[in-house]
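Written out below as structure tokens is the structure these notes cover.
The values are calculated or read from the model by the stated rules, or taken from the named source; none is laboratory data. Predicted model only: the values in this text are computed from it and were never measured. Don't worry about glycine lacking a Cβ; one is built from the backbone with ideal geometry, like all the others, and counts go over all protein chains shown. Side chains included, ligands, DNA and RNA excluded: accessible areas come from the protein's heavy atoms. Shrake-Rupley method; radii C 1.70, N 1.55, O 1.52, S 1.80 Å.
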Amino acid sequence: MKTKQDLVRILNPGGPAPRGLSDFTELVEGGFAFVDKTLFLKEVLDSGDKVTLITRPRRFGKTMNMGMLRCFLHWSPNRQPDLFDGLAIQRAGERYQGERGKRPVLYLTFKDVKAENWHDAWIDLRGLLSVIAEIHARGAPLDQLVYDQRDVLEKTIQKQAEPAECKSILAVLTELLTLKHGEKPWVLIDEYDTPLHTAYQHGYYPRMRDIMRGLLGRCLKDNTDPNQPQAFLHKAVITGIVRVAKEDIFSDLNNLGVYGVTEDRFASSFGFTQAEVGELLAARGLQDRVDAVRDWYDGYRFGGDTPATIYNPWSVISYAANPTQTPRPYWVNTSGNDLVRSMLEKSDDPQDRADMETLLLGGAVEKEISDNLALRDLPQLADALWSILLAGGYLTVDSDGEPSLLGTKLRVPNREVQFVYRRLITSWFHRSGPRSLLPSALKALIGGDVAEFARRVTALASNSLSYFDIGGSHPERVYHALVMGMLAYLADLYHIRSNRESGEGRPDLLLLPRDARKPGIVMEFKVVEAEDRLEQAAQAALAQIQEKDYAAEFAQRQCVFVLAIGMAFAGKSLAVAHERLG
């Protein structure tokens, strides 16, 4: 039986939605509605790892949780004792309260170090380190540092240090904080991989890798020598999107616990659960939007043996801040994680395209996944794209997939992420044909002008099918994916179903209108070898729709009418037969 304690998940439910807010103190004191994720603190404190690395997609709450952890741990004579009153961590036990304010905290985020060239990136990084060094040098016993440490500290504060000198600054600061407070500090590093991803994209990765390896390695490295930095570190927590290979950044770091999206620990600490979203929507009078929100923003599976079903928190909060009848793509339209997008756009591998088409059709692909990627090797790693897509939130583990020695089954998590793949398919069309062909074809289709639709599809097929590669053993899949890729842009107007049962069989495509004033559409495809058989095959496809009553599912939707369309392909040529039903 659930207790009152179990049911308390949403704080200040009637307050404003905290879109774009990542300061925990402001969140609590400002009266914002928020989901209580303070048991994340318990998971961190219970961990036996000296250094914990947590990877999650962007805007899934990493910065908020790190700020919350900082607030909880940070030593301050003016600490407000009531900041965590009533939250889950307060009810977790006295021993956790004993960790509040016990140690100093060295906190920094690399989220803004993302310049397009090394010169500007170094200026940004040097500025960040200068601010951190100046803050922690105030009132500290600088005379207890050796000359080299004081020199590095002074140069860093004055922005005069060279990259090689800055590598030791975090290690120096951990020692300084230990001397200042008499306790070893926590080190909290948010978005450690942002500079690395940006550097990889813009061609200065080796230089950024070198300095980040020094900064993190010298601060976190496991070393039993009491004169080495590890002697001045209590514990560390690091967050990012992707785990960068140990040999790239975390060289010789033997005490690193890594928790990605397939690990059970922290599975529900980032993002919102079904229960949390339900309470949040109910508190704002949006109970009738639960199904729509689930369709758009749910679908992530975080964890291994006991996975949690997770909603995208950024999109849920954005929707709660300005609810509309139909949800919108908030997360995929925000900036960030350009590495993922560029890898998608640059992929020209025929198998990648075929897999993308499978995903667009609602299917799953089976891939080997690695959580230990060396960015320098990405072009040579066949499955690197899929590991990046999974870590970045553009795919999730398929809940229906059985474990396999061949790899992990992956799928698109929800309708919002489908926007990314729709844009990808469109970009493939645009590479080989005029931009006006696709929108004009779709406009003709939903307007009932099948003849014009056929002309436009013929032009698209002529320009695009060589790119989609029809020479494989299953050309019908390619044609199917071509049309599905086009129709994906109608997802706001139609429920699009592929090979689903209707009537006495499975039509290739069903377009069920969300608005009864739009026509229902049912399509059947045929593939023939000779062009002189196209018309006959198109008529046969149309007859199959009628004979097997594929339009049966439209009966209860009261559509204005239903378009039955038979399409036949031979190479880059096609024929279309259609009939208006009802």
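Computed quantities for the displayed model
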{"quantity": "Residues within the range 519-539 that are over 28 Å from K443 (Cβ atoms) and not charged (D, E, K, R), tallied", "calculated": "3"}
{"quantity": "Test result for S315, touching a Phe, Trp or Tyr at 6+ places or on another chain (Cβ under 6 Å) and in a loop (DSSP other than H, G, I, E, B)", "calculated": "no"}
{"quantity": "Positions within the range 278-305 being in contact with a strand residue (DSSP E or B) (Cβ under 8 Å, 6 or more places away or on another chain) and of a type in the set (F, W, Y), in sequence order", "calculated": "Y297, Y300, F302"}
{"quantity": "Enumerated helices (runs of 4 or more DSSP H) restricted to the range 126-236, each holding at least 3 residues that are of a type in the set (D, E, K, R)", "calculated": "147-157, 205-220"}
{"quantity": "Selection status of P195, surrounded by fewer than 16 Cβ atoms within 10 Å (Cβ to Cβ) and touching a residue at least 24 places away in the same chain (Cβ under 8 Å)", "calculated": "no"}
{"quantity": "Among (1) surrounded by fewer than 16 Cβ atoms within 10 Å (Cβ to Cβ); (2) assigned to a loop (DSSP other than H, G, I, E, B); (3) touching a residue at least 40 places away in the same chain (Cβ under 8 Å) - the single one R91 does not satisfy", "calculated": "(2)"}
{"quantity": "Single unsatisfied condition, G86 versus (1) part of a loop (DSSP other than H, G, I, E, B); (2) in contact with a Leu (Cβ under 8 Å, 6 or more places away or on another chain); (3) under 19 Å from I211 (Cα atoms); (4) not acidic (D, E)", "calculated": "(3)"}
{"quantity": "When residues of the range 394-419 are limited to those that are in contact with a helix residue (DSSP H, G or I) (Cβ under 9 Å, 6 or more places away or on another chain), modelled with pLDDT of 85 or more and farther than 21 Å from Y489 by Cα, the one most open to solvent (accessible area, probe 1.4 Å)", "calculated": "T408"}
{"quantity": "Selected residue [within 22 Å of I241 (Cβ to Cβ), open to solvent by less than 60 Å² (accessible area, probe 1.4 Å) and aliphatic (A, V, I, L, M)] from L125, L145", "calculated": "L125"}
